[in-house]
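A.B. asks: The following block contains the structure, expressed as structure tokens.
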Amino acid sequence: MRGLFSGRSRRYVLNVWKFMHFWLLKTEPDECSIDDLAAAGSRGAPWDGIRNYQARNYLRDEVKAGDQVFIYHSSCAQVGVAGVAQVLRGGHFDPDQFDPNSAHFDPKSSQDSPRWYRIELRFARKFKQVVPLARLKQMPELAAMVLLRQGRLSVQPVTPTEWDAILKAAETFA
């Protein structure tokens, strides 16, 4: 059956999906919430302050413009996936590491050898309700998800299967 994604256009779509990645970014809503991203509009907002080497490596090496991310609210009353954002700009050095007045200042970091990276995000959508961690733990398709195995990591890869399952849960969770 020939349709919208046939021939050359189908190959293009498959190639785009091959290179686009999905992520889960943990954030405390009083620092950067899904509502803050919505308020930033099309110009987007920085996602910064990461001071964990594994999370830094994901930001520096793997998170790219166009990738889709779940915004996960932590350390709050409603812990869980709050919505979706898109990466506007992939990993680039976090200027706060050089600012002695910043809470994220790192005296061991230098302009020649920056240690910390950030990305720029743009709001895509807010879920009607936060999909709570308790619900995610009940979903068999998420059994191997990094969030449920290494929960403290602030930047986590998400598989396409996990991505689809969480989107479906967001639509049906009430």
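Where a number appears in this text, it was derived from the coordinates with a stated rule and is not lab data. As the structure is a computational prediction, the values presented were derived from the model and not from experiment. Neighbour counts run over all protein chains shown; Cβ positions are idealised from the backbone, glycine included.
A.B. asks: Which residue fluctuates the most in the chain, going by a Gaussian network model with Cα springs under 10 Å, if the choices are PHE93, PHE123, PHE70?
C.D. replies: PHE93
A.B. asks: Here's another thing I want to ask about it. Of the DSSP beta bridges with both residues in the stretch 23-172, give the percent that are antiparallel, rounding to the nearest 5.
C.D. replies: Close to 80 percent.
A.B. asks: Right, something else. Between GLN54 and CYS76, what is the label-to-label distance in nm when each label sits 7 Å out along the Cα-to-Cβ direction?
C.D. replies: About 2.4 nm, to one decimal.
A.B. asks: Check ARG89: other-chain or 5+ apart residues with amide H under 5 Å from its amide H, H built from backbone geometry?
C.D. replies: Residues meeting the amide H criterion: GLU120.
A.B. asks: Taking the simple approach of a point 7 Å from Cα along Cα-to-Cβ for both ALA39 and ALA144, what is their distance in nm?
C.D. replies: Once both label points are built, they end up 4.0 nm from each other.
A.B. asks: Turning to a different aspect of this structure: So the label point goes 7 Å from the Cα of ARG89 along Cα→C-beta, right? Which residues of the stretch 19-56 then have their backbone N under 16 Å from it?
C.D. replies: 40-50
A.B. asks: Please check which bits of the stretch 43-87 a label hung off THR172 would reach, taking the label as a point 7 Å along Cα-to-C-beta and the cut-off as backbone N under 19 Å.
C.D. replies: Within reach of a label on THR172: 81-83.
A.B. asks: Give me LEU59, LEU88, LEU136 ranked fewest to most by other Cβ atoms within 10 Å of their Cβ, as a rough exposure proxy.
C.D. replies: LEU88, LEU136, LEU59
A.B. asks: Given bins 5 angstrom wide, list per bin the percent of all Cα-Cα distances in the stretch 23-172, short to long.
C.D. replies: 2, 10, 19, 22, 21, 14, 7, 4, 2, 0
A.B. asks: Long-range amide H contacts for PHE127: which residues qualify at under 5 Å (H placed 1.01 Å from N, peptide plane, sequence gap of 5 or more or a different chain)?
C.D. replies: Residues meeting the amide H criterion: GLY83, VAL84.
A.B. asks: Something else now. So for the chain, averaging the separation of alpha carbon pairs under 8 Å that are six or more residues apart and normalising by length, what relative contact order in percent results?
C.D. replies: 27 percent
A.B. asks: Helix hunt in the chain: which complete DSSP H runs extend at least 30 Å axially by C-alpha with mean Kyte-Doolittle at least 0.5?
C.D. replies: None pass (Cα extent of 30 Å or more, hydropathy at least 0.5).
A.B. asks: I would also like to ask the following. Treat the count of other C-beta atoms within 10 Å as a stand-in for reagent exposure and order ASP36, ASP99 from fewest to most.
C.D. replies: Arranged by neighbour count, lowest to highest, ASP36, ASP99 become ASP99, ASP36.
A.B. asks: Follow-up question, since we're still on this one. Working out 0.36 nm times the residue gap between ARG125 and LYS64, then minus their Cα-Cα distance, what length gain in nm do you get to one decimal?
C.D. replies: 20.1 nm
A.B. asks: While we're looking at this one, here's another question. Report, ordered by chain and residue number, the aspartates and glutamates lying within cross-link reach of LYS108, taken as a straight Cα distance under 17 Å and ignoring same-chain residues fewer than 8 apart.
C.D. replies: The reachable aspartates and glutamates, counting only those whose Cα sits under 17 Å from LYS108, are ASP94, ASP96, ASP99.
A.B. asks: LYS64: which lysines have alpha carbons under 26 Å from its alpha carbon, excluding same-chain residues fewer than 8 sequence positions away?
C.D. replies: In chain and number order, the partners are LYS18, LYS26, LYS126, LYS168.
A.B. asks: Given the -39500 (n - 2.57) contribution per DSSP H run of 4+ residues, what per-residue ellipticity at 222 nm results for the chain, rounded to the nearest 500 deg cm²/dmol?
C.D. replies: Result for the chain, helices only: -8500 deg cm²/dmol.
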